[in-house]
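These notes concern the structure reproduced below.
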Amino acid sequence: MAANDDIDLMQHADGELDDRDVTALEARLASDPDARTKAEALGQMSELVRGHLELAVDDVSDARFDGLWSKIDKATTAKSAPARRESSWFDRYRGYIFTSVVSAGAVAVLALILRGRTGTTTIYKNDSTLEVQPAALRTAPEIEDMDTPDGDGTILNLKDEDGNTTVIWVSPADTVEGI
(Lines give C-alpha, C1' and ligand atoms only; values in the text may rest on other atoms or scores of the structure.)
Protein backbone atom coordinates (compact mmCIF):
# COMPACT_ATOMS: atom_id res chain seq x y z
CA MET A 1 0.00 0.00 0.00
CA ALA A 2 1.36 3.46 -0.94
CA ALA A 3 2.07 6.34 1.48
CA ASN A 4 -0.94 8.26 0.12
CA ASP A 5 -3.14 5.32 1.06
CA ASP A 6 -1.79 5.49 4.62
CA ILE A 7 -2.62 9.19 4.76
CA ASP A 8 -6.14 8.42 3.56
CA LEU A 9 -6.48 5.81 6.32
CA MET A 10 -5.30 8.33 8.96
CA GLN A 11 -7.71 10.98 7.68
CA HIS A 12 -10.51 8.39 7.74
CA ALA A 13 -9.67 7.45 11.35
CA ASP A 14 -9.79 11.16 12.30
CA GLY A 15 -13.05 11.75 10.39
CA GLU A 16 -11.46 14.24 7.97
CA LEU A 17 -12.55 12.71 4.66
CA ASP A 18 -15.55 13.89 2.69
CA ASP A 19 -18.42 11.51 1.83
CA ARG A 20 -17.13 10.62 -1.64
CA ASP A 21 -13.65 9.70 -0.35
CA VAL A 22 -15.14 7.74 2.58
CA THR A 23 -17.22 5.63 0.18
CA ALA A 24 -14.17 4.87 -1.99
CA LEU A 25 -12.00 4.02 1.05
CA GLU A 26 -14.61 1.75 2.61
CA ALA A 27 -14.88 -0.14 -0.69
CA ARG A 28 -11.11 -0.57 -0.68
CA LEU A 29 -11.15 -1.70 2.98
CA ALA A 30 -13.71 -4.37 2.12
CA SER A 31 -11.43 -5.84 -0.56
CA ASP A 32 -7.93 -5.22 0.93
CA PRO A 33 -7.10 -7.09 4.17
CA ASP A 34 -3.80 -5.16 4.63
CA ALA A 35 -5.63 -1.79 4.51
CA ARG A 36 -8.26 -3.15 6.91
CA THR A 37 -5.52 -4.19 9.40
CA LYS A 38 -3.91 -0.74 9.21
CA ALA A 39 -7.29 0.97 9.73
CA GLU A 40 -7.98 -1.17 12.82
CA ALA A 41 -4.49 -0.40 14.19
CA LEU A 42 -5.05 3.34 13.64
CA GLY A 43 -8.39 3.11 15.46
CA GLN A 44 -6.76 1.34 18.42
CA MET A 45 -3.94 3.91 18.49
CA SER A 46 -6.46 6.73 18.44
CA GLU A 47 -8.37 5.18 21.37
CA LEU A 48 -5.12 4.71 23.29
CA VAL A 49 -4.10 8.36 22.81
CA ARG A 50 -7.58 9.64 23.73
CA GLY A 51 -7.64 7.50 26.86
CA HIS A 52 -4.20 8.75 27.91
CA LEU A 53 -5.25 12.38 27.38
CA GLU A 54 -8.44 11.87 29.38
CA LEU A 55 -6.47 10.41 32.27
CA ALA A 56 -3.97 13.28 32.07
CA VAL A 57 -6.83 15.79 32.26
CA ASP A 58 -8.22 14.04 35.32
CA ASP A 59 -4.86 14.49 37.08
CA VAL A 60 -5.07 18.31 36.78
CA SER A 61 -6.80 19.92 39.72
CA ASP A 62 -9.99 21.92 39.27
CA ALA A 63 -8.34 24.94 40.89
CA ARG A 64 -5.71 25.00 38.15
CA PHE A 65 -8.38 24.79 35.44
CA ASP A 66 -10.32 27.59 37.12
CA GLY A 67 -7.15 29.71 37.18
CA LEU A 68 -6.53 29.04 33.50
CA TRP A 69 -10.12 29.94 32.59
CA SER A 70 -9.96 33.13 34.63
CA LYS A 71 -6.76 34.13 32.78
CA ILE A 72 -8.44 33.39 29.46
CA ASP A 73 -11.52 35.41 30.44
CA LYS A 74 -9.40 38.36 31.55
CA ALA A 75 -7.36 38.27 28.35
CA THR A 76 -10.42 38.15 26.11
CA THR A 77 -12.51 40.74 27.95
CA ALA A 78 -9.79 43.17 29.04
CA LYS A 79 -9.53 46.33 26.98
CA SER A 80 -6.45 48.46 26.71
CA ALA A 81 -6.52 51.87 28.41
CA PRO A 82 -7.00 53.84 25.13
CA ALA A 83 -9.78 51.48 24.06
CA ARG A 84 -11.54 51.98 27.43
CA ARG A 85 -11.26 55.77 27.04
CA GLU A 86 -12.65 55.68 23.50
CA SER A 87 -15.43 53.34 24.53
CA SER A 88 -16.45 55.48 27.51
CA TRP A 89 -16.32 58.64 25.35
CA PHE A 90 -18.52 57.01 22.74
CA ASP A 91 -20.95 55.83 25.44
CA ARG A 92 -21.25 59.39 26.81
CA TYR A 93 -21.75 61.09 23.44
CA ARG A 94 -23.55 58.37 21.51
CA GLY A 95 -26.81 60.36 21.37
CA TYR A 96 -25.07 63.44 20.00
CA ILE A 97 -23.22 61.43 17.37
CA PHE A 98 -26.42 59.68 16.31
CA THR A 99 -28.31 62.98 16.12
CA SER A 100 -25.52 64.55 14.04
CA VAL A 101 -25.47 61.66 11.60
CA VAL A 102 -29.25 61.70 11.19
CA SER A 103 -29.25 65.49 10.72
CA ALA A 104 -26.50 65.34 8.11
CA GLY A 105 -28.40 62.60 6.30
CA ALA A 106 -31.60 64.66 6.32
CA VAL A 107 -29.76 67.69 4.93
CA ALA A 108 -28.21 65.55 2.19
CA VAL A 109 -31.63 64.14 1.25
CA LEU A 110 -33.17 67.61 1.14
CA ALA A 111 -30.29 68.89 -0.98
CA LEU A 112 -30.79 66.06 -3.46
CA ILE A 113 -34.53 66.60 -3.61
CA LEU A 114 -34.32 70.36 -3.99
CA ARG A 115 -31.41 70.17 -6.40
CA GLY A 116 -33.77 69.20 -9.18
CA ARG A 117 -35.50 72.58 -8.94
CA THR A 118 -33.57 75.05 -11.05
CA GLY A 119 -34.50 78.31 -12.63
CA THR A 120 -36.22 81.39 -11.35
CA THR A 121 -38.93 81.78 -8.77
CA THR A 122 -41.71 84.28 -9.28
CA ILE A 123 -42.72 86.36 -6.27
CA TYR A 124 -45.94 88.38 -6.33
CA LYS A 125 -46.06 91.35 -3.98
CA ASN A 126 -48.30 94.39 -4.09
CA ASP A 127 -49.50 93.69 -7.62
CA SER A 128 -45.93 93.52 -8.95
CA THR A 129 -43.93 90.55 -10.10
CA LEU A 130 -40.34 89.88 -9.11
CA GLU A 131 -38.23 87.14 -10.68
CA VAL A 132 -35.72 85.67 -8.19
CA GLN A 133 -32.91 83.35 -9.23
CA PRO A 134 -31.10 81.11 -6.67
CA ALA A 135 -27.73 82.52 -5.57
CA ALA A 136 -25.87 79.45 -6.85
CA LEU A 137 -27.14 80.13 -10.38
CA ARG A 138 -26.39 83.86 -10.42
CA THR A 139 -23.32 85.24 -12.12
CA ALA A 140 -21.45 88.12 -10.59
CA PRO A 141 -21.52 91.39 -12.52
CA GLU A 142 -18.26 92.26 -14.23
CA ILE A 143 -16.90 95.72 -13.61
CA GLU A 144 -14.18 97.00 -15.89
CA ASP A 145 -13.57 100.44 -14.42
CA MET A 146 -14.50 102.33 -11.27
CA ASP A 147 -14.16 105.85 -10.01
CA THR A 148 -12.65 106.49 -6.59
CA PRO A 149 -12.37 109.75 -4.72
CA ASP A 150 -9.11 111.49 -5.61
CA GLY A 151 -8.02 108.67 -7.89
CA ASP A 152 -8.92 106.01 -10.39
CA GLY A 153 -9.55 102.26 -10.00
CA THR A 154 -9.44 99.27 -12.32
CA ILE A 155 -10.72 95.74 -11.75
CA LEU A 156 -9.07 92.84 -13.54
CA ASN A 157 -10.63 89.37 -13.67
CA LEU A 158 -7.98 86.74 -14.40
CA LYS A 159 -8.78 83.11 -15.16
CA ASP A 160 -6.17 80.45 -14.40
CA GLU A 161 -6.04 76.70 -13.64
CA ASP A 162 -7.18 77.29 -10.03
CA GLY A 163 -10.23 79.31 -11.00
CA ASN A 164 -10.78 83.05 -11.14
CA THR A 165 -8.68 85.76 -9.54
CA THR A 166 -9.86 89.34 -9.19
CA VAL A 167 -7.34 92.19 -8.86
CA ILE A 168 -8.48 95.66 -7.82
CA TRP A 169 -5.98 98.37 -8.80
CA VAL A 170 -6.47 101.78 -7.24
CA SER A 171 -4.20 104.64 -8.30
CA PRO A 172 -4.23 108.20 -6.96
CA ALA A 173 -5.28 111.15 -9.10
CA ASP A 174 -2.78 112.67 -11.47
CA THR A 175 0.26 113.88 -9.67
CA VAL A 176 2.78 116.35 -10.75
CA GLU A 177 5.85 114.57 -11.96
CA GLY A 178 9.06 115.23 -10.14
CA ILE A 179 7.55 116.20 -6.82
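The values are calculated or read from the model by the stated rules, or taken from the named source; none is laboratory data. This one's a predicted model, so the numbers in the text were calculated from it and none came from an experiment. Counting neighbours? That spans all protein chains shown, and the Cβs are built from the backbone with ideal geometry, glycine included. Heads up: the accessible areas ignore ligands, DNA and RNA and are worked out on the full protein's heavy atoms, side chains in. Shrake-Rupley method; radii C 1.70, N 1.55, O 1.52, S 1.80 Å.
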Item to complete: Keeping every protein chain in place, order ASP91, ASP19 by accessible area at 1.4 Å, biggest value first, i.e. largest first.
Response: ASP19, ASP91
Discussion item. How much accessible area per residue does the stretch 1-80 have, counting only protein heavy atoms and a probe of 1.4 Å, in square angstrom?
Written reply: 79
Practice prompt. Taking every pair of alpha-carbon atoms in the stretch 1-67, give the share separated by more than 14 Å as a whole percent.
Written response: 65
Worksheet entry | Sites ILE72 and GLU161 - FRET efficiency at Förster radius 41 Å, r taken between beta-carbons, to 0.05 | 0.10
Discussion item. Not counting ligands, DNA or RNA, and with a 1.4 Å probe, what is PHE98's accessible surface area in Å² rounded to the nearest 10?
Written reply: 140
